């Protein structure tokens with residue numbers, strides 16, 4: 001395949017953003033579970049970087065917090081890595097966290 005054709009057909013590197021709500025009573029257990037998931041993914045997908053973040057503007061007294069997991073790789077997060085993440089998350093105890101919402105983003109064309 002020519003370099004020009006490869007450039008036209010290549011998919012840009014994807015980053016994953018996963019957000020969900022965590023009941024305050026579950027935060028310690030949820031954090032431990034997510035840390036285990038992210039550690040496994042680091043071991044299975046060298047070069048993967050992960051972050052665990054929480055919403056900064058959660059209203060005081062809210063019974064839950066919104067968390068976001070971020071997954072990035074220099075070559076983009078592969079479909080295999082995304083599927084493994086889904087499998088690991090599906091194995092979490094029911095009710096530990098709320099429904100997970102996964103969004104993918106890639107660099108804008110024409111920007112470094």
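Before moving on, here are some points about what is shown:
- Test: residue in the stretch 32-41 that is surrounded by 13 or more Cβ atoms within 10 Å (Cβ to Cβ), farther than 15 Å from residue 87 by Cα and touching a strand residue (DSSP E or B) at 6+ places or on another chain (Cβ under 9 Å): no
- Residue in the stretch 16-23 that is farther than 12 Å from residue 97 by Cβ, in contact with a strand residue (DSSP E or B) (Cβ under 8 Å, 6 or more places away or on another chain) and in a loop (DSSP other than H, G, I, E, B) present: no
- Given (1) closer than 20 Å to residue 25 by Cβ; (2) in contact (Cβ under 8 Å) with a residue 12 or more places away in the chain; (3) in contact with a strand residue (DSSP E or B) (Cβ under 7 Å, 6 or more places away or on another chain), index of the condition residue 58 fails: (2)
- Top-ranked residue in the stretch 88-105 [being loosely packed, with under 10 Cβ neighbours inside 10 Å and farther than 20 Å from residue 25 by Cβ; ranked as nearest to the chain's Cα centre (by Cα)]: 90
- Top-ranked residue of the stretch 74-87 - restricted to ones that are within 23 Å of residue 31 (Cβ to Cβ) and either touching a strand residue (DSSP E or B) at 6+ places or on another chain (Cβ under 9 Å) or free of Cβ contacts under 8 Å to residues at least 24 places away in the same chain (or both), ranked as surrounded by the fewest Cβ atoms within 10 Å (Cβ to Cβ): 87
- Residue within the stretch 56-72 that is modelled with pLDDT under 95, surrounded by 13 or more Cβ atoms within 10 Å (Cβ to Cβ) and either touching a helix residue (DSSP H, G or I) at 6+ places or on another chain (Cβ under 7 Å) or farther than 18 Å from residue 41 by Cα (or both) present: yes
- Verdict on residue 52 being assigned to a strand (DSSP E or B) and within 15 Å of residue 18 (Cβ to Cβ): yes
- Tally of residues being at pLDDT below 95 and farther than 14 Å from residue 48 by Cα across the stretch 73-93: 0
- Of all residues in the stretch 57-82, those satisfying the criterion of being assigned to a helix (DSSP H, G or I) and more than 13 Å from residue 18 (Cα to Cα) are 79, 80, 81.
The values are calculated or read from the model by the stated rules, or taken from the named source; none is laboratory data. This structure is a prediction, so every number in the text was calculated from the model and none was measured. Every residue, glycine among them, receives a Cβ derived from its backbone with ideal geometry; neighbour counts consider all protein chains shown.
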